[in-house]
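The values are calculated or read from the model by the stated rules, or taken from the named source; none is laboratory data. Predicted, not measured: the structure shown is a model, and the values here were computed from it. As a convention, Cβ positions derive from the backbone with ideal geometry for all residues, glycine included, and neighbour counts pool all protein chains shown. Quick note on the areas: whole protein, heavy atoms, side chains included, nothing else; ligands and nucleic acids left out. Shrake-Rupley method; radii C 1.70, N 1.55, O 1.52, S 1.80 Å.
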Amino acid sequence: MSEQEKRGGGRTALDVLLHEDRIFDPPPEFASRANVRDASVYEEAEDYEAFWARWAEQLDWIQPWTDVLDWKPPHAQWFIGGKLNACFNCVDRHLEGSRRHKAAILWEGEPGDRRSFTYFELHEEVSRFANVLKSLGVGRGDRVAIYLPMIPEAAFAMLACARIGAPHSVVFGGFSPDSLADRINDAEAKVLITGDGGYRRGGVVALKDNADRAVERCPTIDHVVVVARDGEPGLVEVTMKEGRDHWYHDLAPDASTECEVEAMDAEDTLYILYTSGTTGKPKGVVHTTGGYMTQVYATTQVVFDLKEDDVYWCTADVGWVTGHSYIVYGPLANGATVLMYEGAPDFPDQGRFWKICDEYGVSVFYTAPTAIRAFMRWGRDWPDRHDLTSLRLLGTVGEPINPEAWIWYHEVIGGERCPIIDTWWQTETGGIMITPLPGITATRPGSACRAFPGIEVTLLDDAGEEVSAGYLAIPRPWPSMLRTIWRDEDRYRKTYWSKWPGVYFAGDGAKVDEDGYLWVLGRVDDVLNVAGHRIGTMEVESALVDHDAVAEAAVVGRHDEIKGQAIASFVTVKDGVAPTKELGAELQAHVADRIGPIARPADVIFAADLPKTRSGKIMRRLLKDIAEGHAIGDTTTLADPAVVERLRMQYEEDES
Ligand code: ATP
Ligand code: MG
């Protein structure tokens, strides 16, 4: 019998430490005009095929489907026989009626330059871009890599690909030439769309230069289309390779603004996207058209409570799935006005986001816990200088949000008037899976609440038994689920479907409380094991962040002779706080007091920064390498490799 079974009868895969009792009802004002007001939506969705079919009917189909679902684990097909075009659903269908001249995209560059596009103009831009791609020989089924800054052309390029049935593979503009080349080669892309450069924190990122170095190693690339950030060359010097490289503004004037849409099968690939690489080598996740569009359309409308006059801002980069589903496909399919911002949140100062919210009257705002913790660290003076009363709903995604960060977001940014929507989902799930519904759910700080209507989520142990704290699992198919890993069916099966037959393994640990609320406890790979207790990272980190001095924390288990593992904690303090030995001792006591002596960190290391992926997620596996004195693992998806090296040196010093 294992330690686990002796204590809990084998029913519990994870121990639960933290209790969070604060509860926030939907603001009555908000609830009374929410898109979804009645909790009966959950029961109505019990026949989930019928539920999703009702949403699918709200899209424009070229040919109707015959069957809603075919599920042969681990492969699902949705809306079989149906034909549609994702670009048509995001653009063309808004041209009739009152949305024709409505703003589709409001864009602000980091230096403060602005551009905007109505749906009518978006249609012209996208059609022109599609014709340019066609003129370079791109056809249905050909892959196109997109490596652009956050400029409107990034959205145009994605939609243009969708229009002509060419799956896109967007690579975040901050990735290195090697990472770009790996992704291009894996997808065997024929054309690369890049830019001369873009702004980041006051400097210019020379994208074309990176692209050149990547393409040297990419035999499948025939053409490179280069978008000039300013509409004309001059931002940075670029070398154009004759015959291969083309300025977009040279090709565009000859391209027509009329371009027929391809009738795509519901199960045709819309795009390939590589995961963030927090736990290891990125996976090329494949999303198809009908089911994906259905789920992102529905979740955008319901979760963000989207209204015709909203100004909707999701701060993600289009290089991540959040940018795909909730900057481009979901909001545009709903005919929303989408704000896009090119640059950093702290340029020219730490109030930039709030200045943007103020000036554009942003009403729905969606960001990541990493950003919220940075705002907390910078202090409330920055948001307090701006009028944020246009905001009516706040969302978060990407990592568990620590309750203190949630409360700060609620009070300081939301003025205690905006529901907070903590959305759990993954590149693989394509769309939101666990979330409050803003007009219905009483929210709890740190909980993503419950599965979206039509979605089922359960917690299982290794044996596949239901537990109250264990592995997050999805027992039935959902429309926007990944269909496979690009050209790696074996990895698809092994990664997600080998733990239990026909049940999706998400790789995260979670608990469910007495009221049925779900709490994501962290990644399964990161679980701590102290004296036989299996503890998620989230609870210990939240106890640390609960202390006034702490802005952000990451914990890992390091080998310990007696306990199996001891907890090493890496902590960044708020601006103006001195990281002293005394504070370290205080934090150890604070954690022991908040959640129990078992979780008391053995080490507290004050860090200027934590190692994060380029999408802002903490990479605990590297911290573990540091704490255990191992060689540092794969850092190719790391935002700033110097952070790890500094921490390693610091850790060794603290140890001696
Ligand atoms: P890789 O799979 O390559 O390691 P990744 O998991 O970081 O990378 P993403 O698909 O971008 O790639 O991230 C999904 C993960 O982010 C989830 O599995 C979960 O760990 C975390 N996550 C996202 N949203 C939330 C949330 N609201 N609460 C808790 N965790 C979240
Ligand atoms: Mg993952």
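Could you tell me which residue of the range 512-526 is surrounded by the fewest Cβ atoms within 10 Å (Cβ to Cβ), considering only residues that are within 12 Å of ligand 1 (Cβ to nearest atom) and more than 19 Å from residue 452 (Cβ to Cβ)? First the steps, then the outcome.
Taking the range 512-526 first, the residues within 12 Å of ligand 1 (Cβ to nearest atom) are 518-526.
From what is left, the residues that are more than 19 Å from residue 452 (Cβ to Cβ) are 521-526.
Working: 521: 29, 522: 25, 523: 22, 524: 21, 525: 15, 526: 24.
Of everything passing the filter in the range 512-526, 525 is surrounded by the fewest Cβ atoms within 10 Å (Cβ to Cβ).
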*Could you tell me which of the residues 21, 113 is surrounded by fewer than 19 Cβ atoms within 10 Å (Cβ to Cβ) and in contact with an Asp or Glu (Cβ under 9 Å, 6 or more places away or on another chain)?*
113
*Within the range 332-339, is there a residue that is among the hydrophobic types (A, V, I, L, M, F, W, C), out of contact with any Cys (no Cβ under 8 Å at 6 or more places or on another chain) and outside any strand (DSSP E or B)?*
yes
*In the list 472, 437, which residue meets the criterion of being surrounded by 23 or more Cβ atoms within 10 Å (Cβ to Cβ) and part of a loop (DSSP other than H, G, I, E, B)?*
437
*Answer yes if at least one residue in the range 32-47 is open to solvent by less than 60 Å² (accessible area, probe 1.4 Å), within 30 Å of residue 536 (Cβ to Cβ), modelled with pLDDT of 95 or more and assigned to a strand (DSSP E or B), and no otherwise.*
no
_Looking at the range 324-332, can you tell me whether even one residue there is in contact with a Ser or Thr (Cβ under 6 Å, 6 or more places away or on another chain) and either among the aromatic types (Phe, Trp, Tyr) or open to solvent by 10 Å² or more (accessible area, probe 1.4 Å) (or both)?_
no
*Please find, among 590, 547, 630, the residue that is open to solvent by 10 Å² or more (accessible area, probe 1.4 Å) and farther than 19 Å from residue 377 by Cβ.*
630
*Just checking, which of 370, 300, 315 is crowded, with 24+ Cβ neighbours inside 10 Å and of a type in the set (Ser, Thr, Tyr)?*
300
*With the condition kept exactly as written, say whether any residue in the range 488-495 is within 16 Å of ligand 1 (Cβ to nearest atom) and without any contact (Cβ under 8 Å) to a residue 24 or more places away in the chain.*
yes
*Is there a residue being in contact with a helix residue (DSSP H, G or I) (Cβ under 9 Å, 6 or more places away or on another chain), more than 16 Å from ligand 2 (Cβ to nearest atom) and under 23 Å from residue 165 (Cβ atoms) anywhere in the range 233-245?*
no
*Give 617, 581 a once-over and let me know the one that is open to solvent by 20 Å² or more (accessible area, probe 1.4 Å) and within 16 Å of ligand 1 (Cβ to nearest atom).*
617
*Do we find a residue being part of a helix (DSSP H, G or I) and without any contact (Cβ under 8 Å) to a residue 12 or more places away in the chain anywhere in the range 496-515?*
no
_Suppose we keep only residues that are of a type in the set (A, V, I, L, M, F, W, C) and crowded, with 24+ Cβ neighbours inside 10 Å within the range 273-294. Which one would you say is nearest to residue 189 (Cα to Cα)?_
273
_Condition (residue is open to solvent by less than 70 Å² (accessible area, probe 1.4 Å), under 30 Å from residue 318 (Cβ atoms) and within 16 Å of ligand 1 (Cβ to nearest atom)) applied to the range 638-649: is it met by at least one residue?_
yes
*Of the conditions (1) closer than 22 Å to residue 550 by Cα; (2) surrounded by 21 or more Cβ atoms within 10 Å (Cβ to Cβ), residue 379 clears all except one; give me its number.*
(2)
*Which ones in the range 137-181 are outside any loop (DSSP other than H, G, I, E, B) and under 17 Å from residue 342 (Cα atoms)?*
146, 147, 152, 153, 154, 155, 156, 157, 158, 170
*Name the residues in the range 399-425 that are open to solvent by 30 Å² or more (accessible area, probe 1.4 Å) and either more than 21 Å from residue 350 (Cβ to Cβ) or within 16 Å of ligand 2 (Cβ to nearest atom) (or both), would you?*
400, 416, 417
*For the range 186-222, what are the residues that are open to solvent by 50 Å² or more (accessible area, probe 1.4 Å) and part of a helix (DSSP H, G or I)?*
186, 209, 213
_Under 7 Å between Cβ atoms, which residue pairs at least 6 apart in sequence (or on different chains) link something in the range 401-429 that is over 19 Å from residue 323 (Cβ atoms) with a partner that is of a type in the set (Lys, Arg) and part of a helix (DSSP H, G or I)?_
405/373
_Count - residues of the range 426-456 that are within 22 Å of residue 492 (Cβ to Cβ) and either at pLDDT below 95 or away from ligand 2 (no atom under 16 Å from the Cβ) (or both)_ = 2
